[in-house]
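Here is the structure we will look at, set down as structure tokens.
The values are calculated or read from the model by the stated rules, or taken from the named source; none is laboratory data. What you see is a predicted model; the values in this text were computed from it and never measured. Ideal geometry is used to build each Cβ from the backbone, glycine not excepted, and the neighbour counts take in all protein chains shown. Surface accessibility is based on the protein's heavy atoms, side chains included, excluding ligands, DNA and RNA. Shrake-Rupley method; radii C 1.70, N 1.55, O 1.52, S 1.80 Å.
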Amino acid sequence: MKRILLVNKFYYPRGGDCVAVMAAEQLLKAKGHEVAVFCMQYPDNVASSWETYFPAEVSFSGAMLSGSLRAAERIFRARDVATRFTRLLNDFKPDVVHLHNIHSYLSPVVAQIARRRGLRVVWTMHDYKLICPTYSCLRAGKPCELCFKHKSGVFKHRCMKGSRAASLLAWMEALYWNRKKLERLTDRFISPSSFLKGKMVSAGFRAEQIEVLPNFMPYRPAPLPPAGKEDYYCYTGRLSGEKGVTILLEAAKRLPCPLKVIGGGPLFDSLRRQFPQTHIEFTGQLPVEELLPVVQRARFLVMPSVWYENNPFSVIEALCLGTPVLGANIGGIPELIDTKKNGRLFTPGSAGELATAIAACFRHFSGTCDFRKIAAEAQNKFSPETFYTKLIHIYGNSSA
């Protein structure tokens, strides 16, 4: 059995990347592997026996304006990260170092240290950071690929928070931790979607160094209750601009159909004020034991994103619960949806088209739809066993 060190910025279910890391940790342990984690100290972190190794928290909110260089130092030198990570390597002695989201808050210095030790380094891409300094491939709310070839675009257009200072820092980070350097430090990159792999290749990364491995459903859902589906649809995820939630709500207010909006985020309060319609319910963040039944009983789920979604866990989760998905035709979303079986696609950014599609989904995904078959096929495709078999193969491959 291998000794695996998982590395991620945070250690709590903050988003899809954190959920994936914590699920992988439990899966690997269940298979008999010894697993350690290395993350940044943070108040919301789940308690861990490894937290004494975690480097101190840094914040990039106003760091440059206040004159503090601590956050910038974390990006380029990360001396405290290097010291604590080295100590963990000495004590744990891993066979594989599996990186996830590490930029800025931890720094790729951890890959550099692991490589110098001759350890196998595997790196899962949960976003577009290696090809887009702002992570999202978005500019002015629309997809942008300028930085695939020339990273100066982030500074020229002030893409990082609209700030010249923050954008300069992001540009410098991209130049320092450039593609050629990161390729040398990494044995295999893991892309959860074929779409992201394609974008990495178009930005210069070697296709043979990138493995496609979708996320998995970490728990087996309960069977659909005898009462079956109810007459509402839902959205689950972060309430932020790139998720297209405002477009969904603009469509929803034109229809009488009940919508449950599940999740929190920077737009939560403003959207509740902007859309007071009684048939639109904002539940806020729900614990998983409350979330799953709500999604399972929904007629369908909507994924209205306007950015290049990678491999959204909310879509995988819905399908494994037997809930069809109406998804924006963008990024990795279409890879998850079979329009003949488990969902529909619509043009991202169009509230009118989305409203029409929602009404059509209520007609199509009726009582005659085989929701249990949708669940069975998704649970097989996104099973922990399927994921584990491929992951162990990646861990064991020789260096690229």
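Before moving on, here are some points about what is shown:
- Candidate set from the stretch 51-77 (those that are at pLDDT 90 or above and surrounded by 18 or more Cβ atoms within 10 Å (Cβ to Cβ)); member that is farthest from the chain's Cα centre (by Cα): Tyr53
- Only listed residue being crowded, with 16+ Cβ neighbours inside 10 Å and not hydroxyl-bearing (Ser, Thr, Tyr), chosen from Arg344, Arg372, Arg363: Arg344
- In summary, helices (runs of 4 or more DSSP H) completely within the stretch 129-220 and bearing 1 or more residues that are farther than 29 Å from Ala114 by Cα occur at 153-156, 164-176.
- Residue match in the stretch 323-334 (condition: open to solvent by less than 10 Å² (accessible area, probe 1.4 Å), among the β-branched types (Val, Ile, Thr), assigned to a helix (DSSP H, G or I) and in contact with a Ser or Thr (Cβ under 9 Å, 6 or more places away or on another chain)): yes
- Candidates are the residues of the stretch 276-311 that are in a loop (DSSP other than H, G, I, E, B), closer than 22 Å to Phe371 by Cβ and open to solvent by 10 Å² or more (accessible area, probe 1.4 Å); the one that is modelled with the highest pLDDT is Arg299.
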